[in-house]
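One structure is given here, and the rest of the page talks about it.
The values are calculated or read from the model by the stated rules, or taken from the named source; none is laboratory data. Computed from a predicted model, the values in this text were never measured in an experiment. Neighbour counts run over all protein chains shown; Cβ positions are idealised from the backbone, glycine included.
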Amino acid sequence: MKFYQALSLLPFVAALPNPGVPLGDVTFEGPDPTKVQIKGISYGGTGCPQGTMGYQISQDRTTVTLIFDSYIASIGPNIVVTEQRKNCQLNVDITYPGGFQYSVLSADYRGYASLQKGVSGTLKSTYYFSGESTQTSTTYDFKGPVAGDYLKHDEADSTSVIWSPCGAEGMLNINSQVRLSSTNATATGLLTTDSTDLKFTQVVYVQWQKCTKK
């Protein structure tokens, strides 16, 4: 079973419906996408133990697909409690042109859920930058009974928009988790495995802005 996550570092024109329109007091402008690169990724957690995750980086170094072998949460009478919650800590080392900064705009979740009545599930990703105390997150909740494929788009917290450092380096940290709970001791549940090709996909969209001179 494999779990896939795709991270896209796109100029804001691909992430926002009206490019060039000021949002509040800020007008968003994107850097040259060929100068946005992913240098490397480190990871660890119960959902991605060492040796269970791989990644593929596109030729233009702007998109990375993360491939997990063990990122599946399950619950039921014969399933140990540690399988009810899985997490993964990702550290994505990104370089980009000086004078720009970026933030996480939204995320898409795609996969398969099979939850009996009484079982609830949550997919959550929290984003923050190294050296920064603030963070933002996206969350998708399930409530059984439910069985089938899903596709969910979630906006990042509008009350906690965080921006990468101005300059050419920005370590993006993604702390993700999948968890299940139940009010029925005999009910079962499975979360994140796709019914057709055994994968779960998360696409993260970002927005860019020019740094403000002080």
Given (1) assigned to a strand (DSSP E or B); (2) under 30 Å from Asp32 (Cβ atoms); (3) of a type outside the set (Asp, Glu); (4) out of contact with any Leu (no Cβ under 7 Å at 6 or more places or on another chain), index of the condition Lys124 fails: (2)
Filtered residues of region 131-156 (kept if buried (at least 17 other Cβ atoms within 10 Å of the Cβ) and without any contact (Cβ under 8 Å) to a residue 24 or more places away in the chain): Ser137
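Quick one: is Gln177 modelled with pLDDT under 85, in a strand (DSSP E or B), surrounded by 16 or more Cβ atoms within 10 Å (Cβ to Cβ) and not β-branched (Val, Ile, Thr)? Even if it seems obvious, please write down each step before you answer.
Numbers: modelled with pLDDT under 85: no; in a strand (DSSP E or B): yes; surrounded by 16 or more Cβ atoms within 10 Å (Cβ to Cβ): yes; not β-branched (Val, Ile, Thr): yes.
So Gln177 does not fit the description; no.
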Exclusive hit being modelled with pLDDT under 90, of a type outside the set (A, V, I, L, M) and over 26 Å from Trp163 (Cα atoms), set Gly47, Gly30: Gly47
Checking Thr159 against (1) among the polar types (S, T, N, Q); (2) farther than 22 Å from Cys48 by Cα; (3) at pLDDT 90 or above, the condition it does not meet: (3)
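Among the strands (runs of 3 or more DSSP E) lying completely within region 45-112, list those that include at least 3 residues that are in contact (Cβ under 8 Å) with a residue 24 or more places away in the chain. It would help to see each step written out before you state the result.
On the way: elements: 53-57, 63-68, 73-75.
Where strands (runs of 3 or more DSSP E) fall fully within region 45-112 and carry at least 3 residues being in contact (Cβ under 8 Å) with a residue 24 or more places away in the chain, they are 63-68, 73-75.
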Some residue of region 4-17 being within 18 Å of the chain's Cα centre (by Cα), modelled with pLDDT of 55 or more and of a type in the set (Ser, Thr, Tyr): yes
Selected residue (only one of Tyr127, Tyr96 is closer than 19 Å to Gln209 by Cα and either in contact with a helix residue (DSSP H, G or I) (Cβ under 9 Å, 6 or more places away or on another chain) or surrounded by fewer than 20 Cβ atoms within 10 Å (Cβ to Cβ) (or both)): Tyr96
Residues of region 51-91 satisfying the condition of being modelled with pLDDT of 80 or more, surrounded by fewer than 17 Cβ atoms within 10 Å (Cβ to Cβ) and among the β-branched types (Val, Ile, Thr): Ile79, Val80, Val81, Thr82
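Those residues that are among the small types (Gly, Ala, Ser) and over 16 Å from the mean Cα position of the chain (by Cα), I need them from region 33-60; list them, please.
Of region 33-60, the ones among the small types (Gly, Ala, Ser) are 40, 42, 44-45, 47, 51, 54, 58.
Correct list: Gly40, Gly51, Ser58.
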Output for region 127-159, where each listed residue is farther than 21 Å from Ser182 by Cα and in a loop (DSSP other than H, G, I, E, B): Ser130, Gly131, Glu132, Ser133, Thr134, Gln135, Ala156, Asp157, Ser158, Thr159
Flag for Gly99 being closer than 30 Å to Pro145 by Cβ, touching a strand residue (DSSP E or B) at 6+ places or on another chain (Cβ under 8 Å) and modelled with pLDDT of 75 or more: no
